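The values are calculated or read from the model by the stated rules, or taken from the named source; none is laboratory data. The model shown is predicted, which means the values in this text are computed figures rather than measured ones. Ideal geometry is used to build each Cβ from the backbone, glycine not excepted, and the neighbour counts take in all protein chains shown.
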Amino acid sequence: MNARRWIFALVGTAIALGAFVYFGAQDSALGLPPPSEEVDEELVAANTRFAFNLFTELSRAEPGENIFISPTSISLALAMTYNGADGQTREAMAEVLQVADMDLETVNRAFAELRTILQNPDPALELDIANSIWAREGLPFKEEFLQRNQQFYEAVIEELDFDDPDASSIINNWVKEQTRDRIESIVEDDIDPETVMFLINAIYFNGHWGQEFDPEQTEDASFFTADGTDMTRPFMHQTDTYRYYEQDDFQAVALPYGEGDRMSMYIFLPRERSSLEDFLGGLNAETWSQHMASFEKMEGDISLPRFTFEYETGLKDTLAALGMEVAFDPGKADFGAMYPTSPSENLYIEDVKHKTFIDVNEQGTEAAAVTSVEMGIVSLPQKFQMDMNRPFFFAIYDDLTGTILFMGSLATP
């Protein structure tokens, strides 16, 4: 009989929700820890680099398609897993997560502090982050690994009989509850007999626009896809003072949520003579930082299509392309800090799944952001007009911590 191969299945899930103002109870009543006084800038910078590396790979693999991910959710799920990695596997994960210059204790504490700040954003916003670990019952997972995930990630840890037909429903019901029914499942009905663990992160965002769009001004108009197809879609219209930025090849605007400028959706619209593909080709962590430093207040007219879509992807090939191949190799992966090593057994990552949902409408965002290499502007116009009637990039960004919560590209609304 072949030696049994234990499979580690890591799942990063995210959901951003908006459209209704949330006036929550005090943080203490919700059981949330008090927010940290400051964020670890080194971790935020690492998360930003990871986010753009990941998004670039997905964009190359899915040209012309709608993409929407939560790099924060993926980072958290992988960070929990990182606590169980050893040797070359740990080194590879550190390089991909961009935390090679940080020790494990610093990474864990920085993530813990970041979570407290993100979960206390604004009285008019709701942002919930939840982690869980589901382990096949009876297996000797290392206590230190589990304790670190409880301490720093507040992960719910449960043992389950994975052979029980109800096991997947138990896990998926947790996912459904944490995402307010927007994502109903992440685990297949029949769990692979060799699967021994799921590490899951879920994020729920509910953001109401600081300035709502008037539904009476919403009207059908043309959205032109990259190949020139004319699609009729409902467009929302608004005139106000925004944070705005433009370059020769794009325009950008920030649409804030809630009562202040804590969190916003940043939209980058390539010029008609350019394309979304060209814009994404020059977008990375460095240019993102330059863009984000360049916005200035200006009055303007905007039209934004209402849009909603779901996105699902397996991240195994993407993460492997970024340098994590060893973690997915049954014969080479080293998760000795998670599970006792054995000549006949070895733990490895079988797959990484990711699902998201977004709905942008007049009230806010069910889903739940910029900067330039060069300003390139001699003088700014007194009033801009930005008609988002063609493919564009967008991100939901926390201005306080510099964290990219969600990022996507709309090819077809």
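Which of the residues belonging to region 57-74 are buried (at least 17 other Cβ atoms within 10 Å of the Cβ), under 19 Å from ALA321 (Cβ atoms) and over 14 Å from the mean Cα position of the chain (by Cα)?
GLU57, SER59
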Q.
Which pairs turn up if I take residues in region 269-296 that are within 20 Å of GLY402 (Cβ to Cβ) and not assigned by TED's automatic domain parsing to the domain that holds ARG243 and look for partners that are in a strand (DSSP E or B) and of a type outside the set (Ser, Thr, Tyr) with beta carbon separation below 9 Å, at least 6 apart in sequence or on another chain?
A. none
Q.
Would you confirm, using the coordinates I've provided, whether LEU125 is under 30 Å from GLN363 (Cβ atoms) and touching a His at 6+ places or on another chain (Cβ under 9 Å)?
A. yes
Q.
Could you list, ordered by first residue, the pairs with Cβ atoms under 6 Å in which the first is in region 91-110 and in the same structural domain as ALA45 (by TED's automatic domain parsing) and closer than 19 Å to GLY336 by Cα and the second is assigned to a loop (DSSP other than H, G, I, E, B) and modelled with pLDDT under 95, at least 6 apart or interchain?
A. MET93/ALA85
Q. Part of a helix (DSSP H, G or I) and not assigned by TED's automatic domain parsing to the domain that holds PRO256, is that true of ASP317?
A. yes
Q. Does ILE117 satisfy the condition of being in the same structural domain as TYR204 (by TED's automatic domain parsing), more than 26 Å from LEU276 (Cα to Cα) and assigned to a helix (DSSP H, G or I)?
A. yes
Q) Is it the case that region 352-359 has a residue that's buried (at least 20 other Cβ atoms within 10 Å of the Cβ) and not in a strand (DSSP E or B)? A) no
Q. Restricting region 210-258 to residues that are among the small types (Gly, Ala, Ser) and out of contact with any Gly (no Cβ under 8 Å at 6 or more places or on another chain), which is nearest to LEU127 (Cα to Cα)?
A. ALA254
Q) From the list GLN217, GLN247, which residue is out of contact with any Lys or Arg (no Cβ under 6 Å at 6 or more places or on another chain), polar (S, T, N, Q) and surrounded by fewer than 19 Cβ atoms within 10 Å (Cβ to Cβ)? A) GLN217
Q) Among the candidates ILE157, ILE129, which residue alone is surrounded by fewer than 17 Cβ atoms within 10 Å (Cβ to Cβ), among the hydrophobic types (A, V, I, L, M, F, W, C) and outside any helix (DSSP H, G or I)? A) ILE157
